[in-house]
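Input: a single structure, listed below in structure tokens.
Just so you know, all these numbers are worked out from the coordinates, no wet-lab data involved. Worth saying up front: this structure is predicted, and the values here are computed from it rather than measured. Cβ placement follows ideal geometry from the backbone for every residue including glycine, while neighbour counts extend to all protein chains displayed.
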Amino acid sequence: MTATTDHADFVGDLSPDEFERHAATLARWIAEYLQHPERHRVLSGLAPGEFRASLPAAMPEKAESFDAILADLDRVVMPGVTHWNHPGFFAYFANTASVPGILGELVIAALNQVGILWRTSPALAELEQTTLAWLRDASGFPSDWFGMITDTASVSTLQALAAAREADPSLEVRHRGLAGRPELPRLRVYCSSQAHSSIDKAAITLGLGAENVVRLPVDGAFRMRVDALEAAVAADRAAGYRPLAVVATVGTTSSTAVDPVDAIADVCARETMWLHVDSAYAGVLALVPEHRVHFRGVERADSFVVNPHKWLFTPMDCSVLWTRHPQVLKRTFSLTPAYLETQEQDVALSFSDYSFQLGRRFRALKLWWVLRAFGRDGLVARLRQHCAYATRLAVEIAATAEWEVMAPVGMSVVCFRHRPAGMTEAAVLERHNAAILDRVNASGQVFLSHTKLGPDYVLRMAIGNLRTEWRHVAEAWRLLQGAARTSAAS
Ligand code: PLP
């Protein structure tokens with residue numbers, strides 16, 4: 001017979017008293033980190049594999065003291081961290097952990113809600129509905145939009161396109177699938193050449209096929225050309241394809257271009273196509289009255305995605321998918337095995353009926369705390385400030401010899417490049433600007449990324465961090481000009 005181990009012999013979890021002690025240490029550590037983000041290099045300086053090499057190859061046999069575990073935060077973890085919370089973070093799109101969001105995450109972990117059904121967390125199910133209704137109404141979006149939190153815009157878009165596929169029940173995709181059905185036409189999804197790669201990934205995952213994502217040309221301001229959409233749909237119909245959905249972008253990843261959603265909605269209505277709007281970054285700008293203009297026509301969208309974890313100071317992860325067709329989403333995803341049946345299922349909303357995932361985190365709580373702690377005014381003031389910094393930077397760049405702004409600046413992103421006199425060849429300009437980028441990022445003070453706009457390699461500065469002040473933008477601009485001088489001389 002094996003001897004049983006008395007519960008008291010187990011180690012690992014900590015007592016509530018020990019929790020309090022370590023939490024106090026951690027709270028001090030986090031406060032110090034948030035007070036002095038500039039002590040760190042923005043972009044981690046580690047080489048690939050270096051971080052893993054600093055870790056033991058196997059887990060410990062014996063429990064370790066939590067003091068030792070915490071000590072490894074500075075010694076082991078921090079060297080491998082790229083600081084998204086740093087005011088000099090200008091790459092991709094910003095993502096700041098605000099204090100209300102960080103505190104929210106602590107409680108989310110402690111309460112450990114698993115929202116598989118309404119009854120497994122009424123607070124989760126109902127707070128998610130209320131918080132998203134607050135955000136929707138404050139953004140001026142239609143009051144009948146149904147919202148749901150997912151982890152990322154990629155997953156929100158995946159679920160929106162799954163619903164688009166289900167919107168026509170005669171396709172019977174849910175039950176019969178797509179493969180081996182010669183009677184089905186090929187389903188097509190349209191987006192601009194500037195649209196995010198998550199659309200292609202969704203098409204791959206849903207079995208629509210990457211080649212059935214039709215990327216349309218853009219105009220001089222990087223917006224989808226509606227004439228090209230109309231022509232592509234007509235050509236596809238003539239060739240026997242079935243136009244299924246259009247993904248319009250409000251705030252493209254490269255340059256924050258805004259597709260003409262209203263005109264696209266006309267085409268979708270005429271052609272019976274689902275209109276999904278990807279506003280992963282820019283969607284929060286609908287909170288700012290003078291920026292509502294970017295959202296003309298989105299009220300006609302079938303679904304819309306925005307990420308509070310990008311520009312609404314909510315820590316990773318928190319994406320919001322809205323749709324005016326919750327019943328289609330439900331038809332797509334609802335599936336209730338016997339063990340999940342409840343008496344209240346007809347009157348209480350369970351998000352698992354509307355989404356691919358069964359369990360869900362209590363993400364609504366951190367978003368709720370962010371909305372309450374900032375208030376609409378606080379959020380609007382920050383968003384306005386970031387846009388004002390971008391405009392000011394663009395003016396300075398445009399006024400500086402041999403520098404050029406490469407796309408309209410309508411939000412908080414500036415695309416630009418250095419073009420020394422006589423340097424005209426695209427490949428040479430690319431090498432030159434890539435060298436500037438490497439130099440600036442190697443400083444550790446700022447982190448910028450690049451993109452391609454058509455054939456042009458451009459540098460990109462996305463201003464959206466809660467802790468960024470004008471002095472950080474000015475410092476980045478100073479570093480860029482210094483790096484350009486060095487690169488041109490070498
Ligand atoms: N859509 C747009 C317009 C984006 O800019 C991004 C990322 O930057 C995404 C989708 C993907 O976001 P996520 O990482 O949340 O999937």
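Each part gets one Cα centre, and for segment 389-410 versus segment 15-66 those centres are 40 Å apart.
FRET efficiency for Arg119 and Arg372, Cβ-Cβ distance as r, R0 = 22 Å, nearest 0.05? Walk me through the intermediate numbers first.
Numbers: r = 26 Å, r/R0 = 1.18.
The value I calculate is 0.25.
Here's the picture: charge each Lys and Arg Cβ at +1 and each Asp and Glu Cβ at -1 in the chain, and of Ala476, Ala234, Ser139 the one pushed furthest to the positive end of that dipole is Ala234. Segment 122-168 and segment 247-264 have Cα centres spaced 19 Å apart.
Rounded, prolate or oblate: which one fits segment 15-85, using the alpha carbon gyration tensor with axes a ≥ b ≥ c (rounded when a/c is under 1.5, else prolate when a/b beats b/c, else oblate)? Note, shape of segment 15-85 comes out oblate.
What is the dipole size for the chain, taken about its Cα centre, with +1 at each Lys and Arg Cβ and -1 at each Asp and Glu Cβ, in debye to the nearest 20? Each step should come with its number before you reach the end.
Working: 48 positive and 53 negative charges, 242 e Å.
Roughly 1160 debye for the chain.
Comparing His175, Val250, Met316 along the charge dipole axis of the chain, the residue lying farthest to the positive side is Val250, per the Cβ-charge model. Rounded, prolate or oblate, given the Cα gyration tensor of the chain, with a/c below 1.5 counting as rounded? Verdict is oblate for the chain.
What FRET efficiency comes out for the pair Thr130/Val99, r = Cβ-Cβ distance, R0 = 30 Å, nearest 0.05?
Details: r = 22 Å, r/R0 = 0.74.
Between Thr130 and Val99 the formula returns 0.85.
Multiplying the residue separation of Ala388 and Ala348 by 0.36 nm and removing their Cα-Cα distance gives an extension gain of 10.0 nm.
Could you tell me what percent of the DSSP beta bridges with both partners in segment 114-361 are antiparallel, to the nearest 5?
That works out to approximately 40 percent antiparallel.
DSSP beta bridges in the chain, what fraction antiparallel, as a percent rounded to 5? If you can, show how the numbers build up before the last one.
Working: 23 of 40 bridges.
Given both bridge residues lie in the chain, the antiparallel proportion sits at roughly 60 percent.
When only the Cβ of Lys, Arg, Asp and Glu is charged (+1, +1, -1, -1), the dipole of segment 397-490 relative to its Cα centre reaches about 180 debye. Given their separation in residues at 0.36 nm each and the Cα-Cα distance between them, Arg331 and Leu111 gain 76.1 nm when the chain is fully extended. Straight-line cross-link partners of Lys452 among the lysines, defined as a Cα under 23 Å from its Cα and at least 8 positions apart when in the same chain: Lys201, Lys310.
Could you please state, rounded to a whole Å, how far the C-alpha centre of segment 421-490 is from the C-alpha centre of segment 207-238? Between the Cα centre of segment 421-490 and that of segment 207-238, the gap is 32 Å. Projecting the Cα atoms of Leu429, Gly297, Gly444 onto the charge dipole of the chain, computed from C-beta unit charges around the Cα centre, puts Leu429 farthest toward the positive end. Taking the Cα centre of segment 313-357 as origin and assigning +1 to Lys and Arg Cβ atoms and -1 to Asp and Glu Cβ atoms, the resulting dipole is close to 240 debye. Membrane-span-like helices of the chain, defined as complete DSSP H segments with a Cα extent of 27 Å or more along the helix axis and a mean Kyte hydropathy of at least -0.5, are identified as 363-398, 470-489. Loop-located GluC sites (Glu not before Pro) in segment 270-377 (DSSP state not H, G, I, E or B) with no more than 16 neighbouring Cβ atoms inside 10 Å: Glu341, Glu344.
Suppose R0 equals 22 Å. What FRET efficiency, 1/(1 + (r/R0)^6) with r the Cβ-Cβ distance, do Glu425 and Arg478 give to the nearest 0.05? Could you put the intermediate results ahead of the total?
On the way: r = 28 Å, r/R0 = 1.26.
Efficiency, rounded to the nearest 0.05: 0.20.
With neighbour counts taken as other beta-carbon atoms within 10 Å, the residues Tyr339, Tyr389 rank, fewest first, as Tyr339, Tyr389. Applying the Karplus relation 6.51 cos²θ - 1.76 cosθ + 1.60 with θ = phi - 60° to segment 54-65 yields 3J(HN,Hα) values of 7, 9, x, 6, 9, 5, x, 6, 9, 4, 9, 6 Hz, where x marks Gly and Pro.
Using a ≥ b ≥ c from the Cα gyration tensor of segment 114-361 (square roots of the eigenvalues), is it rounded, prolate or oblate, where a/c under 1.5 gives rounded and otherwise the larger of a/b and b/c decides, a/b for prolate? Taking the square roots of the gyration eigenvalues as a ≥ b ≥ c, segment 114-361 is oblate.
Could you pull out the trypsin sites (Lys or Arg not before Pro) across segment 135-244 that fall in loop regions by DSSP (anything but H, G, I, E, B) with no more than 16 other Cβ atoms inside 10 Å? Walk me through the numbers before you get to the answer.
Values: sites: Arg136, Arg165, Arg174, Arg176, Arg186, Arg188, Lys201, Arg215, Arg223, Arg225, Arg237; in loops: Arg186, Arg223, Arg225.
For trypsin sites (Lys or Arg not before Pro) across segment 135-244 that sit outside H, G, I, E and B with at most 16 neighbouring Cβ atoms in 10 Å, the list reads Arg186.
Can you tell me which of 256-269, 306-319, 445-458 comes out highest on packing, and rank the rest after it, using the mean Cβ neighbours within 10 Å? It would help to have the intermediate numbers written out before the result.
Working: 256-269: 21.4, 306-319: 25.5, 445-458: 17.8.
Descending mean neighbour count gives 306-319, 256-269, 445-458.
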